[in-house]
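Just below is one structure, and these are the notes that go with it.
The values are calculated or read from the model by the stated rules, or taken from the named source; none is laboratory data. For clarity, every value in this text was computed on a predicted model and none was experimentally measured. Virtual Cβ from ideal backbone geometry, glycine too; neighbours counted across all protein chains shown. These area figures cover heavy atoms from the full protein model, side chains too; ligands, DNA and RNA do not enter into them. Shrake-Rupley method; radii C 1.70, N 1.55, O 1.52, S 1.80 Å.
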Amino acid sequence: MRLALFGAALSFVASAAASSLPHPHSNHVRTANGHASTEEAIPGYFSGSCTKDKMTIRKEWRHLSKVQQNDFLDAVQCLMDKPAKSGLTATTSRFSDLQALHRGMTNTAYADIIHHVGQFLPWHRYYMHIYETLLRDECGYTGSIPWWDEVKDADSGDMWGSSMWGADAFGGNGTGSGNCVQDGRFANYSLHIGPGDKDTDYCLRRAFESEQAIANANSTVLKMCNSYNTYSPWWNCISNIPHKGVHTYIGGVMSDIKSSPGDPVFFMHHMYIDRVWWLWQKQDPANRLYDVSGPTVNETANVEPAGGWQNATLHYELSSFNIMPNTTIGKVMNPQGGYLCYGYDSE
């Protein structure tokens with residue numbers, strides 16, 4: 001049965017920690033006509049230990065060779081085979097540590113603090129960094145981290161046309177009464193975290209709804225969201241339409257807000273969403289690279305957090321239950337700022 005993607009959750013407010021952050025407009029230049037110049041002309045993109053030579057490039061799935069695709073899938077399988085380390089509830093593998101982390105951040109003392117909040121995109125950028133770090137440090141992966149070009153497939157009219165959905169990759173739609181995925185590298189994969197707050201044994205499920213997925217992910221929708229020039233309305237648009245829509249209409253595990261990272265496709269989707277954010281930032285880096293706002297606690301929470309309602313700032317602390325050291329929003333705003341050091345192909 002389809003699980004609701006965005007349900008009510010308890011409220012929480014995370015502590016903020018002061019740290020040394022770059023000035024939002026440092027090292028940014030504008031051309032004579034007032035428009036932001038290209039990345040190559042803005043030295044502020046590359047700072048700290050990140051240089052163009054050191055930067056890794058995340059590639060669209062179809063831009064990887066077959067050997068590279070298999071190497072990546074092997075690394076994901078490696079995380080599934082390694083024992084859990086986090087100590088979080090119901091974990092059985094290193095991969096499930098990531099799923100438990102995501103659920104824990106939506107099941108805290110007060111409310112969901114990673115969805116419908118200002119830190120939604122920064123926290124998920126941090127989360128993608130954790131995923132990449134585990135693949136590299138614990139599974140020896142040295143290749144590119146892939147992403148899924150959703151808008152390309154939506155505009156083509158075939159949302160599931162990418163080879164990533166093939167029987168030799170992530171597998172396709174679920175089948176039978178349980179919507180279990182029975183092909184691909186993760187066929188018959190069993191999950192133990194979820195659905196929702198439950199800890200049960202169930203299969204990797206998907207339940208595609210093509211027309212609705214296309215309606216939420218196409219370039220017309222993306223253009224509408226990108227018409228917003230400031231973070232708060234732009235983030236709300238991206239979060240509630242292409243982000244939420246694709247989660248919902250892949251269905252199954254992906255439609256469960258708490259446990260959705262149990263489907264490895266989750267990370268392909270969120271790499272895409274992160275790239276959409278990065279491209280929006282690059283359109284006006286002087287004003288957008290460090291632009292963040294919005295509540296730190298889901299405003300649907302019924303209980304006001306201790307200390308009152310707060311807004312996300314660059315000093316807000318991002319947590320991962322010690323899977324990796326905490327960091328701040330300010331550290332992840334620039335993907336090439338030193339804490340992070342990556343870009344995307346097809347920019």
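Scan segment 59-114 for residues that are touching a residue at least 12 places away in the same chain (Cβ under 8 Å), over 20 Å from Met128 (Cβ atoms) and among the hydroxyl-bearing types (Ser, Thr, Tyr) and the total you get is 4.
Each residue in segment 218-251 was checked for being open to solvent by less than 10 Å² (accessible area, probe 1.4 Å) and closer than 17 Å to Trp165 by Cα, and 4 of them qualify. Looking at segment 195-217, which of the residues that are assigned to a helix (DSSP H, G or I) and open to solvent by less than 70 Å² (accessible area, probe 1.4 Å) is nearest to Gly172 (Cα to Cα)? Per the criteria, the residue is Ser210.
On the basis of being free of Cβ contacts under 8 Å to residues at least 60 places away in the same chain, surrounded by fewer than 19 Cβ atoms within 10 Å (Cβ to Cβ) and touching a strand residue (DSSP E or B) at 6+ places or on another chain (Cβ under 9 Å), does Asn188 make the cut? Judged against the criteria, Asn188 is a match. Is one or more of the residues making up segment 328-335 within 19 Å of Gly104 (Cβ to Cβ), part of a loop (DSSP other than H, G, I, E, B) and either modelled with pLDDT of 95 or more or in contact with a strand residue (DSSP E or B) (Cβ under 8 Å, 6 or more places away or on another chain) (or both)? Among the residues of segment 328-335, not one is within 19 Å of Gly104 (Cβ to Cβ), part of a loop (DSSP other than H, G, I, E, B) and either modelled with pLDDT of 95 or more or in contact with a strand residue (DSSP E or B) (Cβ under 8 Å, 6 or more places away or on another chain) (or both), which makes the answer no. Pull out all pairs, ordered by first then second residue, where Cβ-Cβ is under 6 Å, the residues are six or more apart or on different chains, the first lies in segment 254-269 and is within 20 Å of Ile238 (Cβ to Cβ), and the second is among the acidic types (Asp, Glu) and open to solvent by less than 10 Å² (accessible area, probe 1.4 Å). Sorted first by the residue in segment 254-269, then by its partner, the pairs are Met254/Asp263.
So, in segment 104-159, of the ones that are among the basic types (Lys, Arg) and more than 21 Å from Gly294 (Cα to Cα), which residue ends up surrounded by the fewest Cβ atoms within 10 Å (Cβ to Cβ)?
Across segment 104-159, the extreme among qualifying residues is Arg136.
Met164 meets each of the listed conditions (1) touching a helix residue (DSSP H, G or I) at 6+ places or on another chain (Cβ under 6 Å); (2) free of Cβ contacts under 8 Å to residues at least 24 places away in the same chain; (3) not polar (S, T, N, Q) apart from (2).
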